[in-house]
Amino acid sequence: MPLEVKPRFVVLYGSQKGQAQSIAEGIAEEAEEHGLVADLCCLNQNDKYNLEKERAPVVFVVSTTGDGEPPDNALQFVKRIKKRTLSPDHYKHLLYALLALGDTNYANFCNCGKTIERRLRELGAKQFYPTGYADDGVGLELVIDPWLKGLWNSIKDTLSKMASDRTVQLKEDSAKEIPESSLPDVQLNLLSIADKQICEPDSKYSSSLAISDVRPASASTVSSSAPKTQACSEGVPQVSLAASLTSSLPPLSESSLNVPSLPPPYLDVALQEADAVEQAVERLSKETCNEVPISKAVQLSKGDSVKTALLLELDISAFPSMTYHPGDSFDVFCPNVAEEVDHLLHRLGLQDQKNHRVQISLKHNTKKRGAQVPPHIPENVSLLFLLTWCLEIRSVPKKAFLRALVEHTSDSAQKRRLQELCSKQGAADYNLYVRDPSLSVSELLTAFPSCSPSLSLLIELLPKLQPRPYSAASSHLRHPEKLRFVFNVVEFPACSGRPTGRRGLCTGWLFDLVNPGLVFPEKAELALPKIHVSLRPSCSFRPPSDPSLPFIMIGPGTGVAPFIGFLQQREEEKKENPEAKFGETWLFFGCRYRNKDYLFREELENFVSSGTLNHLKVCFSREDRKDEEEPPSAAQPRYVQHNLLLCCRQVTDILLRQDGYIYVCGDAKNMAKDVNETLVEMIKTELQVDQLEAMKTLAGLREQKRYLQDIWA
Ligand code: FAD
């Protein structure tokens, strides 16, 4: 039999939370269906690929993290290609396509992807397919789905052209010319991508396989005007007039479905009785992770404030490695909720084996490209430890996950609903019932009681349980042995599939840990517990190194946290060196109500009294002014950007004429964007320039690291 040589291409990914990695893996897996073979590597595995010699097309899938930084596993690659010593024809042989993931709620949207692309071009590489910029702010799939759809023809076209250039005949099915008319309908501007082929079969979805043509379980009994048959575990139909997580309405309930192809299994998991297993949380972190005592817990929000804000103080006196600077943040390692872990163990039928050691190995014959044992699972851990500390069991299930769960669901109505939710036709329902309410895998399993996934499937598809970062809200100079931080307890409202609301994983856990002390502060004997933390030093979010330069801080809500650290530090420096020249300081703070959630009010007012803070601008977005201290005024600023506008002249003067700095920090999704737009407007007015020029000026400040952001969703 002649040996079939499939045309090959390369897929490289840089991924912080696994999203880009799973897309890259999906591309590599789908390659076979297109008669291609893909070499899949992480960008940091530079011993496994060689771009300097690569002649095959290369597909990059990269996310962006933090303030536009590359993901950890792409850092070295970005550093390498940024070297100015590389010649402009370094990559002139290279053909590439790039999918960048980002979030427009953050500054520097898709910055890592853009940086890689810019350098590839500067080094002579040629693009064979337009770059996709996917925006998590509006839904990554809006760009990813059409981008992936068009990718295949482009790869084949490129390979085919390369082959004919080399006058090598590839096999007929892999070398056929792609007509111009079938070139991908992907535009560079992410907002203008139109998925015109919404009703056409999607190359991402296995359109010709039996599973792709899934008919409704009860299609013959459902008419478009009749109430829908609701999914129910016992198989007894219940009548529902409204769609929900577990039930759909026509036309979806009657539609044929295109579902994604089944992710190939790749892990063998065994449970072994063991006398001693590792339970050390420290092993979860590559950095030094310390178990530190909480020395203080204070509720900052008052009365019936919508959000509960807490300040925690950690005693770091025994941990010299925890020495921090203003602007640094640190990771808190939190466990999954014990009841949810217990529920999962029951569901897996493994309650009796929770203390067994988990042994994970790769399936010998797996079809998954680049398969590896998840690196976030340490060796020699018990099943209980694995489910408690290693896997994000509250992650929002991706469509591939739902597709895999179909195979483990016995009830036909539930099976059909899961198929709908992962199908192309059910995309709107997926967004409405799964993605938007952040439905967790645990909640999904509760809603679909006949679904019993295997342990190996969960380990394959659940992402790493990530530690949660928090900004230091104190200065090491003021509190040498202490580290403070502030957070709002995240609340998820009830929704279809979540009968009662729940709290965020880490903030809910921290709240429960310290709650007895908050309720009974007079009971000193209630010792506060310890938590595991590791430091995440910031490279750039720091007060100006030259203290004589002025700076502006914008931090509504808990976004004020790092600025408390900045100001404490400044106050100490002033005490140590009263003769030195210190630049002006400004703080723009905002919250809902003066008397409920004005965090650090007293401390901020003291900073003003001592001259550490020269300008404090505060606004209240929900205040009923009749009851408040200030007289009502139509022009009353509601948000931080309104106050910024009122100080347009001084702020722009600091930034444009005095070499000053501006810092933005916060958890408000739109705040950073609104502030950015306001700054553009202010620069336009002040310099009398057009929009583009103003944006360039702001970009210049960013490049000089004088406009810095620390934003979280
Ligand atoms: P999770 O269980 O992880 O849930 C939070 C997720 O759910 C978020 O993705 C959010 O978008 C989403 N979500 C939130 N509310 C809802 C809702 N009602 N419905 C649906 N979805 C929702 N946070 C602070 O409070 N203070 C800080 O100083 C701070 N500093 C940070 C510094 C950095 C560098 C970063 C990256 C983040 C910082 N954060 C800070 C955010 C913090 O790390 C956590 O993300 C936050 O506390 C929530 O964690 P959690 O585990 O309780 O929530």
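The values are calculated or read from the model by the stated rules, or taken from the named source; none is laboratory data. Remember, predicted model here, so these are calculated numbers, not experimental data. Reconstructed Cβ throughout: ideal geometry from the backbone, glycine too, with neighbour counts over all protein chains shown. Side chains are part of the model used for accessible areas, which takes the heavy atoms of the whole protein and leaves out ligands, DNA and RNA. Shrake-Rupley method; radii C 1.70, N 1.55, O 1.52, S 1.80 Å.
Some values worked out for this structure:
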| read-out | value |
| --- | --- |
| Answer residue from segment 232-281, given it is at pLDDT below 80 and charged (D, E, K, R) and is nearest to the chain's Cα centre (by Cα) among those | Glu278 |
| So Leu12, is it more than 17 Å from Gly132 (Cβ to Cβ) and open to solvent by less than 30 Å² (accessible area, probe 1.4 Å) | no |
| Hits in segment 311-322 (condition: part of a loop (DSSP other than H, G, I, E, B) and open to solvent by less than 60 Å² (accessible area, probe 1.4 Å)) | Ile316, Phe319 |
| Pairs with Cβ under 7 Å, 6+ apart, first in segment 475-494 and outside the structural domain of Cys665 (by the TED database), second assigned to a loop (DSSP other than H, G, I, E, B) and aromatic (Phe, Trp, Tyr) | His476/Tyr324; Leu483/Tyr324 |
| Residue that is modelled with the lowest pLDDT [pool: residues in segment 527-547 that are surrounded by fewer than 16 Cβ atoms within 10 Å (Cβ to Cβ) and away from the ligand (no atom under 14 Å from the Cβ)] | Ala527 |
| Filter pass, Ser474 being surrounded by fewer than 22 Cβ atoms within 10 Å (Cβ to Cβ), touching a strand residue (DSSP E or B) at 6+ places or on another chain (Cβ under 7 Å) and at pLDDT 95 or above | no |
| Condition check for Leu345: in contact with a Leu (Cβ under 8 Å, 6 or more places away or on another chain) and either surrounded by 17 or more Cβ atoms within 10 Å (Cβ to Cβ) or not hydrophobic (A, V, I, L, M, F, W, C) (or both) | yes |
| Matching entry among Val37, Val62 (being in contact with a strand residue (DSSP E or B) (Cβ under 9 Å, 6 or more places away or on another chain) and closer than 30 Å to Arg706 by Cα) | Val62 |
| Filtered residue count, segment 99-112, keeping only those that are modelled with pLDDT of 95 or more and of a type in the set (Gly, Ala, Ser) | 1 |
| Test: Ser160 is among the small types (Gly, Ala, Ser) and open to solvent by 20 Å² or more (accessible area, probe 1.4 Å) | no |
| Yes/no for Glu572 being away from the ligand (no atom under 16 Å from the Cβ), assigned by the TED database to the domain that holds Lys705 and open to solvent by less than 50 Å² (accessible area, probe 1.4 Å) | yes |
| Leading residue by the ranking (nearest to Ser321 (Cα to Cα)) among those in segment 525-565 that are of a type in the set (Lys, Arg) and more than 21 Å from the chain's Cα centre (by Cα) | Lys530 |
| Residue match in segment 552-574 (condition: modelled with pLDDT under 90, of a type in the set (S, T, N, Q) and touching a Leu at 6+ places or on another chain (Cβ under 6 Å)) | no |
| Any hit, segment 353-370, residues being surrounded by fewer than 17 Cβ atoms within 10 Å (Cβ to Cβ), touching a residue at least 60 places away in the same chain (Cβ under 8 Å) and among the hydrophobic types (A, V, I, L, M, F, W, C) | yes |
| Residue under evaluation Tyr96, criteria (1) modelled with pLDDT under 95; (2) buried (at least 21 other Cβ atoms within 10 Å of the Cβ), criterion not met | (1) |
| Which numbered condition Leu284 fails, given (1) touching a helix residue (DSSP H, G or I) at 6+ places or on another chain (Cβ under 9 Å); (2) within 16 Å of the ligand (Cβ to nearest atom); (3) modelled with pLDDT of 90 or more; (4) closer than 19 Å to Leu462 by Cβ | (3) |
| Residues satisfying the stated conditions in segment 110-122, i.e. surrounded by 19 or more Cβ atoms within 10 Å (Cβ to Cβ) and either in a loop (DSSP other than H, G, I, E, B) or of a type in the set (Asp, Glu) (or both) | Cys110, Glu117 |
| Failed item in (1) part of a helix (DSSP H, G or I); (2) open to solvent by 10 Å² or more (accessible area, probe 1.4 Å), with Ala24 passing the rest | (2) |
| Enumeration of residues in segment 419-441 that are open to solvent by less than 10 Å² (accessible area, probe 1.4 Å) and either hydroxyl-bearing (Ser, Thr, Tyr) or more than 19 Å from the chain's Cα centre (by Cα) (or both) | Glu420, Leu421, Cys422, Ser423, Gly426, Ser440 |
| Inter-residue pairs, beta-carbon under 9 Å, first under 13 Å from Leu43 (Cβ atoms) and hydrophobic (A, V, I, L, M, F, W, C) and in segment 63-74, second away from the ligand (no atom under 14 Å from the Cβ) and open to solvent by 30 Å² or more (accessible area, probe 1.4 Å), 6+ apart | Ala74/Asn44 |
| Segment 284-296, residues that are touching a residue at least 40 places away in the same chain (Cβ under 8 Å) and within 28 Å of the chain's Cα centre (by Cα) | Leu284, Ser285, Glu287, Thr288, Cys289, Asn290, Glu291, Val292, Ile294 |
| Identity of the residue in segment 684-713, buried (at least 18 other Cβ atoms within 10 Å of the Cβ) and in a loop (DSSP other than H, G, I, E, B), that ends up nearest to the ligand (Cβ to nearest atom) | Trp712 |
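Listed here are the residues, each with its yes/no results for (1) surrounded by fewer than 18 Cβ atoms within 10 Å (Cβ to Cβ); (2) in a strand (DSSP E or B); (3) among the hydroxyl-bearing types (Ser, Thr, Tyr).
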{"site": "Thr288", "(1), (2), (3)": "yes, no, yes"}
{"site": "Val292", "(1), (2), (3)": "no, yes, no"}
{"site": "Lys302", "(1), (2), (3)": "yes, no, no"}
{"site": "Val306", "(1), (2), (3)": "yes, no, no"}
{"site": "Tyr324", "(1), (2), (3)": "no, no, yes"}
{"site": "Asn336", "(1), (2), (3)": "no, no, no"}
{"site": "Val341", "(1), (2), (3)": "no, no, no"}
